[in-house]
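**Student:** Below is a structure I'd like to ask you about.
The values are calculated or read from the model by the stated rules, or taken from the named source; none is laboratory data. None of these values were measured; they are calculated from a predicted model. Every residue, glycine as well, gets a Cβ built from its backbone with ideal geometry; the counts of neighbours run over all protein chains shown. These area figures cover heavy atoms from the full protein model, side chains too; ligands, DNA and RNA do not enter into them. Shrake-Rupley method; radii C 1.70, N 1.55, O 1.52, S 1.80 Å.
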Amino acid sequence: ESIKTVLRSPENRILIKRMLIKCADISNPCRPIEQCIEWAGRISEEYFAQTDEERRQGLPVVMPVFDRNTCSIPKSQLSFIDYFIIDMFDAWDAFADLPNLMEHLNNNIKYWKGLDGRNLRALRPPPE
């Protein structure tokens, strides 16, 4: 009933639509683990290429943490999750009850923490 009350206001509906678009844009940490890893790799490669190109052209490096020789992908994912994802998706979960999404998020946090705890910088642990 409270959701229906919120949705009666045109301003609230617009705000919810804007928030949904933003959440969809940054939702990678809330996907199943294999999709999360795949997209984390793609996004990291995009940022690595940007950093490489900035250096090649002698431009200021916008994201120095994305130096492909020193970057820890697990650390970058955990920082992104801590800074942007947790509070936003906790709020959505409270509003719309999203247990599957939150389970994926928790699994992905554990995955990245596991890699980081082993001081690994790559997307996956080395083959055993």
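**Student:** Do we find a residue being closer than 23 Å to residue 125 by Cβ, among the acidic types (Asp, Glu) and either over 11 Å from the mean Cα position of the chain (by Cα) or not in a helix (DSSP H, G or I) (or both) anywhere in region 10-26?
**Tutor:** No, every residue in region 10-26 fails to be closer than 23 Å to residue 125 by Cβ, among the acidic types (Asp, Glu) and either over 11 Å from the mean Cα position of the chain (by Cα) or not in a helix (DSSP H, G or I) (or both).
**Student:** Please find, within region 70-96, the residue that is most open to solvent (accessible area, probe 1.4 Å) out of those that are touching a Cys at 6+ places or on another chain (Cβ under 9 Å) and closer than 15 Å to residue 22 by Cβ.
**Tutor:** Among residues in region 70-96 that are touching a Cys at 6+ places or on another chain (Cβ under 9 Å) and closer than 15 Å to residue 22 by Cβ, the one most open to solvent (accessible area, probe 1.4 Å) is 88.
**Student:** Among (1) of a type in the set (Gly, Ala, Ser); (2) at pLDDT below 95; (3) under 15 Å from residue 26 (Cα atoms), which single condition is residue 76 missing?
**Tutor:** It fails just one condition, (2).
**Student:** I need the full set of residues from region 79-116 which are hydroxyl-bearing (Ser, Thr, Tyr) and touching a residue at least 24 places away in the same chain (Cβ under 8 Å), in order please. Can you show your working first?
**Tutor:** Keep residues of region 79-116 that are hydroxyl-bearing (Ser, Thr, Tyr), which gives 79, 83, 111.
111, the sole residue that qualifies.
**Student:** Please find, within region 59-69, the residue that is least open to solvent (accessible area, probe 1.4 Å) out of those that are in a loop (DSSP other than H, G, I, E, B) and touching a residue at least 12 places away in the same chain (Cβ under 8 Å).
**Tutor:** Going through the qualifying residues, I end up with 67.
**Student:** Something else about it: Enumerate the pairs (first residue in region 117-128 and touching a residue at least 12 places away in the same chain (Cβ under 8 Å); second residue anywhere and in a loop (DSSP other than H, G, I, E, B) and exposed (fewer than 10 other Cβ atoms within 10 Å of the Cβ)) with beta-carbon separation below 9 Å, excluding pairs fewer than 6 apart on the same chain, so at least 6 apart or on different chains.
**Tutor:** Sorted first by the residue in region 117-128, then by its partner, the pairs are 120/126; 121/70.
**Student:** Continuing with this model, one more query. In region 70-96, which residues are among the small types (Gly, Ala, Ser) and assigned to a helix (DSSP H, G or I)? Don't jump to the end; show me each part of the working.
**Tutor:** First, pick out the residues of region 70-96 that are among the small types (Gly, Ala, Ser): 72, 76, 79, 91, 94, 96.
Listed by number, the residues that qualify are 76, 79, 91, 94, 96.
**Student:** Six or more apart or on different chains, Cβ atoms under 6 Å: show the pairs whose first residue is in region 11-40 and closer than 16 Å to residue 82 by Cα and whose second is polar (S, T, N, Q) and open to solvent by less than 90 Å² (accessible area, probe 1.4 Å).
**Tutor:** Short answer, once both residue conditions are applied: 29/108; 36/28; 36/108; 40/77.
**Student:** For region 97-128, how many residues meet the condition of being assigned to a loop (DSSP other than H, G, I, E, B), closer than 22 Å to residue 63 by Cα and either out of contact with any Gly (no Cβ under 6 Å at 6 or more places or on another chain) or open to solvent by 100 Å² or more (accessible area, probe 1.4 Å) (or both)? Break it down stepwise before answering.
**Tutor:** Within region 97-128, the first condition is being assigned to a loop (DSSP other than H, G, I, E, B), and the residues that meet it are 97-98, 118-128.
Cutting the leftovers down to closer than 22 Å to residue 63 by Cα gives us 119-123.
Narrowing further to those that are either out of contact with any Gly (no Cβ under 6 Å at 6 or more places or on another chain) or open to solvent by 100 Å² or more (accessible area, probe 1.4 Å) (or both): 119-122.
So the answer is 4.
**Student:** Still on this structure, I have one more. What are the residues in region 27-38 that are surrounded by 12 or more Cβ atoms within 10 Å (Cβ to Cβ) and part of a helix (DSSP H, G or I), if any?
**Tutor:** Selection gives 28, 29, 30, 33, 35, 36, 37, 38.
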